[in-house]
Amino acid sequence: MGMPMSRERAVSRAFRKIVGVSALLLTVAGRAADADTGNWTRYGLDGDETRHSPLSQINAQNVSQLGLAWSVELQNEPGVLEGTPLEIDGVLYVNGGVGAIYAFDAVTGRALWSYDPHAHEANPRGTRRMYSSDRGLAYWNGRIYTCTKDGRMVALDAKSGQVVWTTQFLIPGVSAVSTGAPRALDGTIIIGTSGSEFAGRGYVTAVDAETGKVVWRFYTVPGNPSKGFEDPAQEMAAKTWSGEWWKYGGGGAPWNAITYDEELGQVYIGTGNAGPWADKVRAHPGDDNLFSASIVALDVKTGKYLWHYQATPDDVWDYDATADIVLANLKIDGALRKVLLQANKNGFFYVIDRVNGKLLSAGPYAPVTWASKIDLKTGRPIEIPGSRYPDKRTTIAPSMVGAHDWQAMSYNPKTGLAYIPVIRGVEVMAPSKEAMDLLKRNAGRIFSDQGVDGVFRPEKRDGAQGGGRDELVAWDPVAQKAVWRTRQPCQFNGGTLNTDGNLVFQGRTDGQFVAYTADKGDRLWSFNAHMGILAPPITYTVQDQQYISVLAGYGGGAGESAVSGYGGWSWGMPRRLLTFRIGGTAQLPSPPEPVTHVTPLDDPSLRLNAKRVAAGNNLYGEICTGCHGEAVVGNGNAPDLRASGTALDRDAFRKVLKEGLFVPFGMPKFDDLSDGEIAGIYEFIRSRAREDLKSGRDGADAVMATDPQ
Ligand code: CA
């Protein structure tokens, strides 16, 4: 055990701090946080994943004096940073974009060691069309565990950074990447897969923390029945599918939420949407497509199925049930219940009995137009007629990025409030023959064809740099209602941390790192990070001094953050780890300002062929958008190609794709594209650059110009 204090002792201390046994029963859930050590040893801080810290040295009274203690630039990380740092006995461990780890002295920011798994070089082609991000690390018994994008779990000695073992946990031939944070489960390390949108079949893998051997595996959707089922749960699930679903992967990727219930010996997995979005190829009316868009409970020792709750049966809106799962004990209708909480992408906040998976309540925490309510008797949504779209276009809320996505929700078990980073927007979804043809043609290959069209529209467009206006919401899960809401001037903001100092911290897309009062939502303090923040903050103490740390690094893979994304944070601007304390006086070195205008490059002598441009538009949308941005408007995750010299030079452009010249920087190799296809993409980029140069529009306008309505 790496914990300096036993669970029992920590619980007994917590006991003394709280007046009255009934208060304790209501407020202290299964596991104690690292309250007495001041450490942050797990992704969600404690076993319940509350991200509620009992630290209060930094509080609502003195937060105005909070200042930067130190900052470091992560030199090899030009793109998105989503990670939750860990802090253990004075050392901060942070992850980069695709599996790298950096260790720093938590007081001074001095670099101690770093580890680069060279994830891009390890797989220059296979995982290229998928998401590029990494949400965190696990710690167990003196070791740090990272999962690389290309599917390696690596155990490192926490002190030296030396590799102890490496295990390939992604199954060759099953389409997937890894973006999630592994979790330590009492001697095993568990990790899911990402890639429902890329012909993937989801599964979780538990690995022995000591040896690196795979202990068990659980698939979240069934495979081809003719090959036999891995376990009885797969056989049961297969009855809820139709057609040859396995040809398209099936989806159900458990790409984020994994919560370990030590008390009940269960682990809860949140699963992604059924893949593809078009349900014609996977469901007849009445098919639920288990265990997609569900929360599944597994036996922690064996990985055997225990129960499931499906939030969105036969999902066609990309309503993954992958948002963080938080454990709590709540008094509901006079009885104390062991529950789990999830602010689901589909707009409902679920309170589920974690003993048996029974739904206790579900309330809409954001605008919802696909279902009128969740029937508590059956646990099923009452769908609003017309929200499915087999024949015609529909506009649906929440959007495919959800009313709340992977950005961490925090929960205070003492006050009973959950702090949700809410995303406001709708999705315009439509059947498409063209998209369906593409899907059928590419079945089983790593393409993002969904067989339908979907376009995200932010709720409002008067915000900064073209984004919409999101909200931070304090939610009471028992009453199923908001206690306060704060509108924000920008879209797709970071996760939350709450503390006993009556504070909630959240970073935003526009670079502001903000502290609010936890009880009322009053804004007390902010810091301009000069870089968009998506990652959630943590807090810890070293030598009786409390610190707050957060990663600043905006960008994002398709569907994860780029949707409304242009915040003016371009690829290559400094990405940093920021650490704050009361009285901190450090300054950010040479803070950059957001890029609000990009000057596209053009070669006026270049003649563009309309047919090739059109073909290039399709290909660009399929394979380039996620990193280089919609309509060739940079989203911070890769260079803006309108202003790139390499993308203007036809030969250099071809070489980058064919020969993989920029693989070490994360630009994949596309050696299977024909010269004609490359010429098409090239000409499409040139036509977009020329258009924007002529019109003088900035990035945000260009993104909006592609909206069909
Ligand atoms: Ca999804």
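The values are calculated or read from the model by the stated rules, or taken from the named source; none is laboratory data. It should be emphasised that the depicted structure is a prediction, and the values quoted were computed from it without experimental measurement. Cβ coordinates were reconstructed from backbone atoms using ideal geometry, including for glycine residues, and neighbour counts include every protein chain displayed. Only protein heavy atoms, including side chains, enter the accessible area calculation; ligands, DNA and RNA are left aside. Shrake-Rupley method; radii C 1.70, N 1.55, O 1.52, S 1.80 Å.
Quick rundown of the values:
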item: Odd one out for residue 404 among (1) part of a loop (DSSP other than H, G, I, E, B); (2) within 16 Å of the ligand (Cβ to nearest atom); (3) at pLDDT below 95; result: (3)
item: Test: residue 453 is at pLDDT below 95, over 20 Å from the mean Cα position of the chain (by Cα) and either surrounded by 21 or more Cβ atoms within 10 Å (Cβ to Cβ) or part of a loop (DSSP other than H, G, I, E, B) (or both); result: no
item: Hits in the stretch 250-289 - residues which are part of a loop (DSSP other than H, G, I, E, B) and under 22 Å from the mean Cα position of the chain (by Cα); result: 252, 253, 254, 255, 256, 257, 271, 272, 273, 276, 277
item: Flag for residue 177 being within 29 Å of residue 494 (Cβ to Cβ) and in contact with a Pro (Cβ under 8 Å, 6 or more places away or on another chain); result: no
item: Matching strands (runs of 3 or more DSSP E) fully within the stretch 158-233 where at least 2 residues are in contact with a Gly (Cβ under 8 Å, 6 or more places away or on another chain) and either open to solvent by 10 Å² or more (accessible area, probe 1.4 Å) or under 19 Å from residue 305 (Cα atoms) (or both); result: 163-168, 203-208, 214-219
item: Residues of the stretch 499-523 that turn out to be farther than 18 Å from residue 483 by Cα and aliphatic (A, V, I, L, M), as a count; result: 1
item: Residues within the stretch 95-113 that are assigned to a loop (DSSP other than H, G, I, E, B), over 22 Å from residue 154 (Cβ atoms) and open to solvent by 10 Å² or more (accessible area, probe 1.4 Å), tallied; result: 3
item: Residue match in the stretch 167-177 (condition: touching a residue at least 12 places away in the same chain (Cβ under 8 Å), within 16 Å of the ligand (Cβ to nearest atom) and within 18 Å of residue 85 (Cβ to Cβ)); result: no
item: Number of the exception - residue 694 against (1) surrounded by 17 or more Cβ atoms within 10 Å (Cβ to Cβ); (2) closer than 18 Å to residue 605 by Cβ; result: (1)
item: Output for the stretch 27-58, where each listed residue is modelled with pLDDT of 90 or more and open to solvent by 30 Å² or more (accessible area, probe 1.4 Å); result: 42, 54, 56, 57
item: All positions within the stretch 80-94 that are closer than 12 Å to residue 539 by Cα and buried (at least 24 other Cβ atoms within 10 Å of the Cβ); result: 84, 85, 86, 87, 92
item: Pairs, first closer than 26 Å to residue 197 by Cβ in the stretch 313-334, second within 16 Å of the ligand (Cβ to nearest atom) and acidic (Asp, Glu), C-beta under 7 Å, six or more apart; result: 314/279; 316/279; 317/427; 323/405
item: Residue within the stretch 563-586 that is among the hydroxyl-bearing types (Ser, Thr, Tyr), under 22 Å from residue 67 (Cα atoms) and either modelled with pLDDT under 90 or crowded, with 19+ Cβ neighbours inside 10 Å (or both) present; result: yes
item: Residues being aliphatic (A, V, I, L, M) and within 16 Å of the ligand (Cβ to nearest atom) - total across the stretch 259-277; result: 2
item: Residue pairs meeting the criteria (Cβ under 8 Å; at least 6 apart or on separate chains; first among the β-branched types (Val, Ile, Thr), in the stretch 250-268; second in a strand (DSSP E or B) and within 13 Å of the ligand (Cβ to nearest atom)); result: 258/270
item: Complete set of residues in the stretch 515-553 that are farther than 17 Å from residue 411 by Cα, open to solvent by 10 Å² or more (accessible area, probe 1.4 Å) and polar (S, T, N, Q); result: 526, 528, 541, 543, 545
item: Test: residue in the stretch 278-299 that is in contact (Cβ under 8 Å) with a residue 24 or more places away in the chain, among the charged types (D, E, K, R) and within 16 Å of the ligand (Cβ to nearest atom); result: yes
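Rundown of residues vs (1) modelled with pLDDT of 95 or more; (2) open to solvent by 10 Å² or more (accessible area, probe 1.4 Å); (3) within 28 Å of residue 135 (Cβ to Cβ); (4) in contact with a helix residue (DSSP H, G or I) (Cβ under 8 Å, 6 or more places away or on another chain), yes/no style:
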| site | (1), (2), (3), (4) |
| --- | --- |
| 240 | yes, yes, no, no |
| 243 | yes, yes, no, yes |
| 253 | yes, no, yes, yes |
| 258 | yes, no, yes, no |
| 264 | yes, yes, yes, no |
| 269 | yes, no, yes, no |
| 274 | yes, no, yes, yes |
